[in-house]
Structures are given as C-alpha cells and as structure tokens.
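Have a look at the structure below before the remarks.
The values are calculated or read from the model by the stated rules, or taken from the named source; none is laboratory data. As the structure is a prediction and not an experimental result, all values here were calculated from the model. Reconstructed Cβ throughout: ideal geometry from the backbone, glycine too, with neighbour counts over all protein chains shown. Note: areas computed on protein heavy atoms with side chains; ligands, DNA, RNA excluded. Shrake-Rupley method; radii C 1.70, N 1.55, O 1.52, S 1.80 Å.
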Amino acid sequence: MRNPLLVKFFLVSTLFFNAAIFAKDAEMVSEETNTDLKTEIDDYIQHHLKDSHDFSLFSYTDDDEVTHHVGFPLPVILWDDGFVVFSSSRFHHGEEVAVSGDKYYSLYHGKIYKTDAEGTINYDAEHHPTNIKPLDLSITKTVVMIVLTGILMLLLFGGLARSYAKNGGIAKGVGRFFEPIILYIRDDIAIATIGEKRYKKYMPFLLTIFFFIWFLNMFGLTPAGVNVTGNIAITTALAILTFLITNLTGTKDYWKHLFDPLGDSMPWYAKIPLYVILIPIEILGIFIKPFSLLIRLYANMQAGHIVMDLCSFLRIGLAARCHLDWLLPFH
Amino acid sequence: MTIPRIVGAGLIVIGVGVGIGRIGGQAMEAIARQPEAYGKIQTAMLIVAALIEGIGFAALFATAEN
C-alpha cells in the first residue's frame, strides 16, 4: 500500500473493530454444543440488541468452565400491588429466582415474570410465557445511558456557554470542535427551512435532539454496546415530541398550507374537487413524516448493530469451533 | 415461505434504491444549475431521502420472519 493515508485509515479502523468486539462475551463457548448454529447466532444477536437489567461490560469463561460477568447491577423497580424495589444482582444474570418479601420473580429473555419459589415459567402453545408480567419501571441499561447522556450534555454545553461568555464569544478548547456543528444546524437546517424570522425559537430543541441522537449513536459504537437509539420506544418518544412541537407552535401559514394549499390561485368552486383529495393527503402527511423518521432511525441503528454483532460473532464462533484461543481475548 | 420473503425484500431494496438514487441525481442537477441554492436543495434532498428510507425500512420489517 503506497498511500500512507489509506494505511492509517485501515489501521485505525481495525483498532475500532477490535474495540467494538472485545466486549462481546465468550459465554457461548460453553453452551455451543447443544444448540444449532442458527439459534445460536439468533440468541447472540438478540442478547446484544435488547435492553437489559444489568450493565454488563463483558464476560469470559475461565479454565474451569465458569462464566464470569464483569459489570454492575441496576435497580429493578416493579409495580406489583405496590412498588417492589431490589437490585438486579439477585437474578444472577437470569440464572436464579429473585425473592422480594413473599414474591418471586425470574428473568426470561430479558423480561421479568412473576413465578413461584422454584421459578417455573408456564408456556402456551406458541411457547410464550403465560406468567403474570408486573409493570416494569426499572432503571435499565437504556435509562442509565439516557441519564448519562443528559448529564454529559448539561455539563458540556453549560460549560461551553460559560466559556463563550468569558471569552467574548470566541470558541475555546472543545468549543472549536462543536462550533461548526452548531453553526451547521443553525445555518443549513434552521435558517434554511424555518427562515430568518422564527428560527431562534426552535434552536434549543433542534440542538438538543441533534446532540442527544448523535451522542447516543456514538456510544452505541463503543464496547459498552448500548443500543439506545435502536430502541423503538426511544424513537417513538422523540417523534411524539417533534410532532407536538411542530403542530402546537405552527403558525397561521402552516395551517393555511394544510387546509388551503392553493390559496388565491383559483376560485373557491374550482378548489372543491381538488381539496377532496389534497386535504386528506396533507393531514395524513403530518402523521406519516414523524412515523417514517422514527422507523428510519430505529431500523438504521438496529441494522447497524446486527451487522456489528454478526462480525463479532464470526470471530468468536470461529475461534470457539477451531480452538483458536488467541482470537479470544479474556479467554 | 422463505423465498417469497427474500424476493420481496429484494424488490423493496430495488424500489428504495431507485427512489433515493433519483433524488440524489436530481439534487445534483439542481445544484449544478443553481449553486447558490446548495443549502436548501441539500436539506430538502435529505428529508425526502429519509422519508423514503423510513417507509422502505417499515416494508422490510413486514417481510422479516417471526
């Protein structure tokens, strides 16, 4: 390779690739024998895409075939005739039944079910559990990451605002990195689409939502492997917020465009046959736009994580089958 | 029922590809014709591409198994 830039890029990308996969656990090494490959890959990917009740950084299997999980437990909060609060470490990563008072709970595929003391889960014909599912308000991995991102943004942008005030509006330090991004949002998104006159009112929301999604997408690439924006509940919440803001702050022109798009260009009796088709389409449009965007973000992130997990599964599955132990860190 | 699903997914990808490709191409032409309107054209292009992608993903989910 003659191009030094290309070599550098290649080296850096392998670094990232390794960082992304080193966290993926090697726990299937011990359980690979009793399942076929398709369900194995499926379980592996599902495990990494879903939200979980503990923050596991990585896990490894030692020489005595004991799987160690490295991470920390998170609080479980359930509504089951009154609040039930306990630490998710009581589940022992889904291997044991958690006891709280006289109630028993067990984890099944990341969901909490109410069980008896032995933790039996009953299934219906389609192999879905029939146990009672208490309302789960737990602080899960996703919630932790949202709160962390919120705190990070508060500290970062609060500090930036203070530094700008102190230096007379000149970027300093990390502000030199963020200023072009903020200017891009202001000049090319807000002013270009909303207009000089009213864009200022929407800037806080636009910047917040941009950096929130951007930071969480970036965290999704780290070995912590959090999949927050690939969670349809999160994107739905963002879409509902945007829907409410656009429609509640919509001006006269906005509603006029919805219900009278042709304006004074033709007499009213000529508009009637056109509006029978146009107005329903416009009204559907205000729902379709946020819906389409929420599916887009969710599906993009989900697909990206599936590809990343497939790559890391290739490496781990291959290493386990061919006994290439040097391919498995933490093993 | 796997083959119809795969064919359907392929058709969706073709449709979305043609759609986004056309948007991109037309936006390029528009920018070449009016370079000063670059920002506006780019934003509108991205929004429309995002809408098409969203619907495409929704359709892909409909073809997915389970």
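A few points about this structure:
- Scanning segment A:98-136 for residues that are in a loop (DSSP other than H, G, I, E, B), surrounded by 11 or more Cβ atoms within 10 Å (Cβ to Cβ) and either among the small types (Gly, Ala, Ser) or assigned by TED's automatic domain parsing to the domain that holds A:Gly230 (or both) yields A:Gly110, A:Gly119.
- Of all residues making up segment B:22-45, the number that are within 23 Å of A:Met301 (Cβ to Cβ) and more than 9 Å from every other protein chain (Cβ to nearest Cβ): 3
- Exclusive hit being surrounded by 12 or more Cβ atoms within 10 Å (Cβ to Cβ) and at pLDDT 85 or above, set A:Ile295, A:Ile281: A:Ile295
- Look at segment A:180-192: where a residue is touching a residue at least 24 places away in the same chain (Cβ under 8 Å) and within 12 Å of chain B (Cβ to nearest Cβ) and a partner is part of a helix (DSSP H, G or I) and open to solvent by 50 Å² or more (accessible area, probe 1.4 Å), sitting 6+ places away or on another chain with Cβ atoms under 9 Å, you get A:Ile185/A:Phe210.
- Any hit, segment A:215-223, residues being within 12 Å of chain B (Cβ to nearest Cβ) and either over 13 Å from the mean Cα position of the chain (by Cα) or in contact (Cβ under 8 Å) with a residue 24 or more places away in the chain (or both): no
- Of all residues in segment B:51-62, exactly one satisfies the criterion of being more than 8 Å from every other protein chain (Cβ to nearest Cβ) and either modelled with pLDDT under 85 or surrounded by fewer than 15 Cβ atoms within 10 Å (Cβ to Cβ) (or both), namely B:Ala62.
- Test: residue in segment A:145-154 that is within 24 Å of B:Gln42 (Cα to Cα), loosely packed, with under 15 Cβ neighbours inside 10 Å and at pLDDT 90 or above: no
- The listed residue being in contact with a Leu (Cβ under 9 Å, 6 or more places away or on another chain), more than 10 Å from every other protein chain (Cβ to nearest Cβ) and not aromatic (Phe, Trp, Tyr), out of B:Val16, B:Val48: B:Val16
- Filter result for A:Arg186 (in contact with a helix residue (DSSP H, G or I) (Cβ under 7 Å, 6 or more places away or on another chain), at pLDDT 90 or above and open to solvent by 50 Å² or more (accessible area, probe 1.4 Å)): yes
- Out of A:Ile272, A:Ile245, A:Ile288, A:Ile279, sole residue that is touching a residue at least 40 places away in the same chain (Cβ under 8 Å) and out of contact with any Pro (no Cβ under 7 Å at 6 or more places or on another chain): A:Ile245
- Considering each residue of segment A:239-248 in turn, none proves to be hydroxyl-bearing (Ser, Thr, Tyr) and more than 14 Å from chain B (Cβ to nearest Cβ).
- A single entry from A:Tyr164, A:Tyr184, A:Tyr202 fulfils the requirement of being more than 25 Å from A:Leu297 (Cα to Cα) and part of a helix (DSSP H, G or I): A:Tyr164.
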